[in-house]
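Input: a single structure, listed below in structure tokens.
The values are calculated or read from the model by the stated rules, or taken from the named source; none is laboratory data. Bear in mind that the values here come from a model prediction, so they are computed numbers and not experimental data. Neighbour counts are summed over all protein chains in view; Cβ atoms, including those assigned to glycine, are modelled from backbone coordinates with ideal geometry.
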Ligand code: NAP
């Protein structure tokens, strides 16, 4: 890429904040927008322009990156008179890195195509620590030559870019990767709860997994701290994984595929959300399993 893009970054939550800061550190000119403006102050301090609306951000940039919660948040920043789409101009690029559904992504790709805007769906695998370290795995959908053109930008946020195919292939692949994360989390939460129910220290479960090279997964190490300390400060909020599980099940149903274990994991997460744990780390499933069911 000869002339570096002027980047507009929308969504400075747990992931977006770290990802946008890595773009700044890599030397890109970055304009930011966040619904809650207080979250932009560290970017203003770093010399970034802070846009007052998504439209103003899109006018200041030729490449817009979105990293927001879900389809409703995407609509809030893209649509309407103050949305990004109102300032779309041909030749510009929209890269969505939020996890939304393949159906939503395909519709957005069509909208961009009609407007003459390049579109990539680039959701990420890896949580807060990987976002901070710039070691995310980026699952890229879209035209291959556009993915290649933006590879330096993506590599400023991640260690690897995996090309999945035309949009919404990045999003489709992300759901497959998150299916594994959902099930690993429910597995260790249930194993720890079963250990306690039998009068065992749940730390022994993690020790057993760590000592067995075939089962020693760094992801367990990340969630061990939450489960043993019963401290569920979020790296990945339960409500976001529940959203993703619902996308997985919708995709499976529309392709006449049954996902019985994911169905059970989604039910477990829905129960934890009903208990008021939606904003906690996904590992809070463990806490919820050891409590009486809500009425
Ligand atoms: P988060 O901390 O909840 O941040 C969400 C962002 O979306 C915030 O900037 C929030 O703005 C914005 N937002 C929400 N609703 C909005 C609305 N109606 N209008 C405008 N902005 C809105 O989430 P996150 O953990 O960074 O995750 C972001 C995305 O990445 C999600 O799709 C998630 O599933 C995915 N993801 C997360 C992880 C992880 O480990 N955390 C890993 C991979 C992928 P405010 O600051 O105003 O609330």
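Checking every residue in the range 42-55 against the condition of being outside the structural domain of residue 278 (by TED's automatic domain parsing) and under 26 Å from residue 244 (Cβ atoms) gives at least one match.
Every condition in (1) surrounded by 12 or more Cβ atoms within 10 Å (Cβ to Cβ); (2) modelled with pLDDT under 95 is met by residue 293 except one, and the failing one is (1).
When residues in the range 62-83 are screened for being in a loop (DSSP other than H, G, I, E, B) and within 27 Å of residue 127 (Cα to Cα), 4 of them pass. Residue pairs whose Cβ atoms lie under 8 Å apart, separated by 6 or more positions or on different chains, with the first residue in the range 66-78 and farther than 13 Å from residue 9 by Cα and the second near the ligand (Cβ under 6 Å from one of its atoms) and assigned to a helix (DSSP H, G or I), are 69/240; 70/240. Scanning the range 1-41 for residues that are within 9 Å of the ligand (Cβ to nearest atom) and either out of contact with any strand residue (DSSP E or B) (no Cβ under 8 Å at 6 or more places or on another chain) or at positive phi (or both) yields 11, 13, 17, 18, 35, 36, 38, 39. Residue selection: residue 148 satisfies the criterion of being part of a helix (DSSP H, G or I), more than 10 Å from the ligand (Cβ to nearest atom) and surrounded by fewer than 15 Cβ atoms within 10 Å (Cβ to Cβ).
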